[in-house]
Amino acid sequence: IVTDAVREFEEVDRTDDPGRPGADGQTAVVDCESSRDEKSSRAALFMIARMMGSSAVRAVLMLMATFVASSQAIKCPPESTSLDGPRRVILDLDGGGDDGWALLMLLANEERYNICIQAVTCSHGNARVSDVLVNVLRILDSLDRLDVPVYVGASEPLITPGPNRNVSHYFWGNNGFGDVEFDCLPSVDSLQSVHAVEAMRELFETYPNKITLLAVGPLTNVALLYKMYPETKEKIGALYILGGNRHGVGNTALTAEFNFFRDPEAAHTVLNNSPMIVHVFPWETVLLQTFTTRWRFETFAETTNPAVEVLNRVEYEVYAEEEIWTPCDMYVAAVFLNSSILQSVQSYRADVELAGTVTRGMMAILHHVKDASRHNVVVIDRIDSQEVQRMLVALNHASV
């Protein structure tokens, strides 16, 4: 069955997305250190990229999960009654380079800040969800952290089709990692066959109010969880979001921040249905951080961290002509790890514009709502940039 799947992959027509690497019909690269069977399983991974969104994808995922025997034990311990147990976290991401920095920041600080990554869940956003999966696996494989379970989630927005790429600029290239052509494919041993939303539900039910959710991509997976299992949202320990804007400053063709712009209905659903205050790290706060690309490249030029080496290759392409480095999603991971970096936060009632011609996806602060009991977000306005810089530099030679 796997052989047939690989054969179908090799024969598939790639002309539907000419911007993607390999669109010229060349055979996809395979892991240069793998056995023949491992190569077949990894080629099957890339068949998913061609089938994502079809009814067959779930069957393929289950087949792969069985075939590669993804049975490594997660480092998060089972239920513990001790008060000093680790803080559990799920990272819901969309696979750009900044998502890679967020994942690395968490992995490198599990011991220091007593946390454990319960799961990584993938959503469409910076790239197609199939490419998001590959990018996550590449970071985990580089660090030999295949114990972290990875789940594939939403491949498209909650209701409406995604914005055209001409309107919603893809900063990270077509595949989320700068369209860099790596020599080898990552291991798929972390890949799980369960849908991301089902995995979230199971984990929040198993560890009620003990898992923090960091959502640093479009909020489609979270919105689906809220709609499919409304009782489960009561069991989320805390919710942190990278997204939205508090002064109408956008980073798309319109006045919205990218993650909210990619799925405004999902953002609207999450902000208006979360039983807890949502911590929002908006685009304007990202812009207050002034790490230059020169500092970034000089700081990480001589790294011993293999994940940083991967991100170096990605960002040499993406930031070649940029002056300011904006590892957006990393900031949310840093705030979760070390809340002492928070310098200015303010609670508000916020909503998401759904019908505006130029404001669709913009987060609107309802300043006239003074009653704190009606507030639904805490906006993070300022953080300690020097401490974040220290945390970043520590990644250079971190052992994970």
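The values are calculated or read from the model by the stated rules, or taken from the named source; none is laboratory data. Note that the structure is a prediction, hence the values are computed from the model and not measured. Note that we place each Cβ from the backbone using ideal geometry, even for glycine, and neighbour counts take in every protein chain shown. These area figures cover heavy atoms from the full protein model, side chains too; ligands, DNA and RNA do not enter into them. Shrake-Rupley method; radii C 1.70, N 1.55, O 1.52, S 1.80 Å.
Structure summary
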| quantity | calculated |
| --- | --- |
| Pick from segment 193-209, criterion within 16 Å of V148 (Cα to Cα) and in contact with a Leu (Cβ under 8 Å, 6 or more places away or on another chain), ranking: surrounded by the fewest Cβ atoms within 10 Å (Cβ to Cβ) | S193 |
| Residue that is outside any loop (DSSP other than H, G, I, E, B), of a type in the set (V, I, T) and surrounded by fewer than 23 Cβ atoms within 10 Å (Cβ to Cβ), where the choices are T212, T160 | T212 |
| Enumeration of residues in segment 163-201 that are of a type in the set (S, T, Y) and either part of a helix (DSSP H, G or I) or at pLDDT 90 or above (or both) | S187, S190, S193 |
| Residue within segment 219-229 that is of a type outside the set (A, V, I, L, M, F, W, C) and in a loop (DSSP other than H, G, I, E, B) present | yes |
| Some residue of segment 234-246 being open to solvent by 10 Å² or more (accessible area, probe 1.4 Å), modelled with pLDDT under 95 and touching an Asp or Glu at 6+ places or on another chain (Cβ under 9 Å) | yes |
| Long-range neighbours under 8 Å by Cβ, at least six apart or interchain, first residue under 9 Å from P218 (Cβ atoms) within segment 260-272, second assigned to a helix (DSSP H, G or I) and not hydrophobic (A, V, I, L, M, F, W, C) | D263/T220; A266/T220; A267/N259 |
| Where A238 falls short, out of the listed (1) in contact with a helix residue (DSSP H, G or I) (Cβ under 8 Å, 6 or more places away or on another chain); (2) more than 23 Å from T326 (Cβ to Cβ); (3) of a type outside the set (F, W, Y) | (1) |
| Selection within segment 270-301 - loosely packed, with under 15 Cβ neighbours inside 10 Å and of a type in the set (G, A, S) | A301 |
| Unmet criterion (only one of (1) in contact (Cβ under 8 Å) with a residue 12 or more places away in the chain; (2) open to solvent by 60 Å² or more (accessible area, probe 1.4 Å); (3) over 30 Å from N174 (Cα atoms)) for S339 | (1) |
| Sole exception among (1) touching a residue at least 60 places away in the same chain (Cβ under 8 Å); (2) touching a strand residue (DSSP E or B) at 6+ places or on another chain (Cβ under 9 Å) for T304, by number | (2) |
| Some residue of segment 126-143 being within 17 Å of A215 (Cβ to Cβ) and surrounded by fewer than 23 Cβ atoms within 10 Å (Cβ to Cβ) | no |
| Positions within segment 352-365 being of a type in the set (G, A, S), open to solvent by 10 Å² or more (accessible area, probe 1.4 Å) and in a loop (DSSP other than H, G, I, E, B), in sequence order | A355, G356 |
| Filter result for Y151 (in contact (Cβ under 8 Å) with a residue 40 or more places away in the chain, open to solvent by 20 Å² or more (accessible area, probe 1.4 Å) and under 30 Å from S347 (Cβ atoms)) | no |
| Within segment 314-351, tally of residues that are in a loop (DSSP other than H, G, I, E, B) and more than 16 Å from the chain's Cα centre (by Cα) | 8 |
| Filtered residue count, segment 382-397, keeping only those that are in contact (Cβ under 8 Å) with a residue 12 or more places away in the chain and surrounded by fewer than 17 Cβ atoms within 10 Å (Cβ to Cβ) | 9 |
